[in-house]
Amino acid sequence: MGILETRNLGIEFNGKKILDDVNIDLWEGHVHAIVGPNGAGKSTLAYTIMGLGGYRNISGDILFQGESIKDLRIDERARRGMTLGWQEPARYEGLSIEKFVTAAVEDKSHKKIREVLGKAGLNPNLYLKRAVDRTLSGGERKKIELASILALKPKLVMLDEPDSGIDVASLRNIFDAIKLLKENGSTVVLITHSLEVLNQAEHAFLMCCGKIVEQGKIEKIRKYFEKKCIPCTHENIPDLNGGA
Amino acid sequence: MDGVEELYRLSKLDKALEDPNVGHIVINLNKILDKRLIPGLEIDARELEDGIDARITVREGTVIEKPVHLCFGVTHEKAVQRIKTEVEIQENAEVLFLAHCIFPNAVDVTHIMDARITVGENAKYTYLEKHIHGEYGGTKVYPKARVELGKNSRFKTEFELLSGRVGLIEIDYETVCREESVMEMTSKVSGRGNDIIRISEVGHLVGEHARGVLTSRVAVRENAKAEVHNKLNATAAYARGHVDCKEIIQDNGIATAIPIVQVSHPKAHITHEASIGSVDTKQLETLMARGLTEDEAVELIIEGLLS
């Protein structure tokens, strides 16, 4: 059953279509990937689904568990069970990791915080009392954000470039956390242009120039992506007949 | 009732003051309710008609391990309290003063603090001033300090409003830093309603290798106003300083930041950064994407900034 569906979803900025008639159907409990070159509209799609400011003036519809959410605020969408992990997570001066991770969860126990930090690849003893501020690298903030999402146990999570800023040794932690989200019943959407991240998914969509140009099993999308979209000129939508 | 129980309860001092090794003085308006001295700490306090005149000395070479608590309270609804202090931290001494300024019932309470502070050579002095106000916004607070730092001394002060409405706060601190001394002055205040926050922090780096940081963190919401004047002045070789002011505004709040950096020695160096604006959109949307409402998210961001 589809947990999230977009129907002819479109958004324009300065008269330019950034999302153009996008139709996707995300299956509950699956790991999906949305791949495509830079500027394809992948992040815009995630921001639009989440309802971020500047991404609200849409055409078409977004259905979450069968109900339209296009008029809901971000927090209302989040309370229905969806969330977003940013490509470059925000910094918060003075806000402790402990408070950030448990900001919206009922279980604020140290045991829980330690557990999710550990699962995101962070040593709780070193991070628990630190702030989510400029003293942390982008990769560290990425893991902290992932820990906060693990604590949340969302129904749907969209992770924008989950490997961005992550060192090779830590990549395993990120992939393990994605598996764990799936095991916990979350539907996961990986926004990526990395084949390694794509390989963590079960199903993928290929985007280019604001359109979904192909979808299917990852083997098919990987082949297509390798052949047609690296590099992509952004000028033309790939020739669907010549690929996969 | 002399108010001591209310002051202890609000400042959560009960447990700390049971320790015989913790020095303290507790004042309600112009009455000294309680006092404990420990070796090396002298407090000579005199009750005035509208406050207290106190001379506080930490003797040469004395290192006081546990914080000394200074509780300046006014449990009355209307009053004026003047606290005049002369603080001397003598050579090689070390102490942390934790000042609890508590005005829980203030409808019209004015608290005037006038401090002269000298920190001797190689001495370390930390002064943390924590305010607990009532919800009426009827408090006017005028903390003023003039500080002289001796060679290689350390001075750190932090002003923080922990709870309740600001009312009116006018912080006026000025520090002169001699050779190799280090000064850190920090103010953290959050205003709402018709609160008015005025902060003036001035540092003079007059000795070689003197260092200083002025930090202000202010949030104004509803119709509150804030003005932050930070001035750092370096006149000696290798003096180093930084001014850092961040103000968040919401609703109809108005914030002003006036950082002044002045250098009159070619080998001195001072930097400054100031930002005023609404809560960062990405910070806000990240927390909202976890399920916090906009108000809850703003509250958490400001709490972090002022923590």
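The values are calculated or read from the model by the stated rules, or taken from the named source; none is laboratory data. If you're wondering where the values come from, they're calculated on a predicted model, not measured in any experiment. All Cβ positions, even for glycine, are placed from backbone atoms using ideal geometry, and neighbour counts span all protein chains on display.
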If you go through region B:204-251 one residue at a time, how many are modelled with pLDDT of 95 or more, out of contact with any Gly (no Cβ under 6 Å at 6 or more places or on another chain) and not in a strand (DSSP E or B)? 10
Would you mind finding the one in B:Glu42, B:Glu86 that is under 18 Å from the mean Cα position of the chain (by Cα), modelled with pLDDT of 95 or more and surrounded by fewer than 16 Cβ atoms within 10 Å (Cβ to Cβ)? B:Glu86
Is region B:236-248 home to any residue that is under 30 Å from B:Cys177 (Cβ atoms), within 11 Å of chain A (Cβ to nearest Cβ) and surrounded by fewer than 18 Cβ atoms within 10 Å (Cβ to Cβ)? yes
Going by the conditions given, is A:Arg114 part of a helix (DSSP H, G or I), at the interface with another protein chain (Cβ under 8 Å from one of its Cβ atoms) and free of Cβ contacts under 8 Å to residues at least 24 places away in the same chain? no
For region B:292-302, indicate whether the set of residues that are more than 17 Å from B:Glu184 (Cα to Cα), in contact (Cβ under 8 Å) with a residue 60 or more places away in the chain, within 11 Å of chain A (Cβ to nearest Cβ) and buried (at least 17 other Cβ atoms within 10 Å of the Cβ) is non-empty. yes
Return the only residue of B:Pro67, B:Pro20, B:Pro104 being surrounded by fewer than 16 Cβ atoms within 10 Å (Cβ to Cβ) and either closer than 20 Å to B:Ile169 by Cα or out of contact with any Gly (no Cβ under 6 Å at 6 or more places or on another chain) (or both). B:Pro20
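Let's see how each residue does on (1) closer than 26 Å to B:Ser11 by Cβ; (2) of a type in the set (Lys, Arg):
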{"residue": "B:Asp172", "(1), (2)": "yes, no"}
{"residue": "B:Glu180", "(1), (2)": "no, no"}
{"residue": "B:Met185", "(1), (2)": "yes, no"}
{"residue": "B:Lys188", "(1), (2)": "yes, yes"}
Quick check on my filter: what residues within region B:170-187 are surrounded by fewer than 19 Cβ atoms within 10 Å (Cβ to Cβ) and out of contact with any Gly (no Cβ under 9 Å at 6 or more places or on another chain)? B:Glu170, B:Asp172, B:Thr186
Just to verify a result, which residue in region B:270-282, among those that are more than 7 Å from every other protein chain (Cβ to nearest Cβ) and farther than 26 Å from B:Leu232 by Cα, is surrounded by the fewest Cβ atoms within 10 Å (Cβ to Cβ)? B:Ser278
State all residues of region A:48-59 that are surrounded by fewer than 24 Cβ atoms within 10 Å (Cβ to Cβ) and not in a loop (DSSP other than H, G, I, E, B); if no residue qualifies, say none. A:Met50, A:Ile58, A:Ser59
Flag if B:Glu285 is surrounded by fewer than 16 Cβ atoms within 10 Å (Cβ to Cβ), more than 19 Å from B:Ile197 (Cα to Cα) and either of a type outside the set (Phe, Trp, Tyr) or touching a Lys or Arg at 6+ places or on another chain (Cβ under 8 Å) (or both): no
Out of A:Asp167, A:Asp176, A:Asp75, A:Asp71, sole residue that is closer than 16 Å to B:Met288 by Cα, away from every other protein chain (no Cβ under 14 Å) and charged (D, E, K, R): A:Asp71
Within region A:93-100, is there a residue that is assigned to a helix (DSSP H, G or I), out of contact with any Leu (no Cβ under 7 Å at 6 or more places or on another chain) and hydroxyl-bearing (Ser, Thr, Tyr)? no
Restricted to region A:85-103 and to residues being of a type outside the set (Ser, Thr, Tyr) and out of contact with any Ser or Thr (no Cβ under 8 Å at 6 or more places or on another chain), the residue nearest to the other protein chains (Cβ to nearest Cβ) is A:Glu93
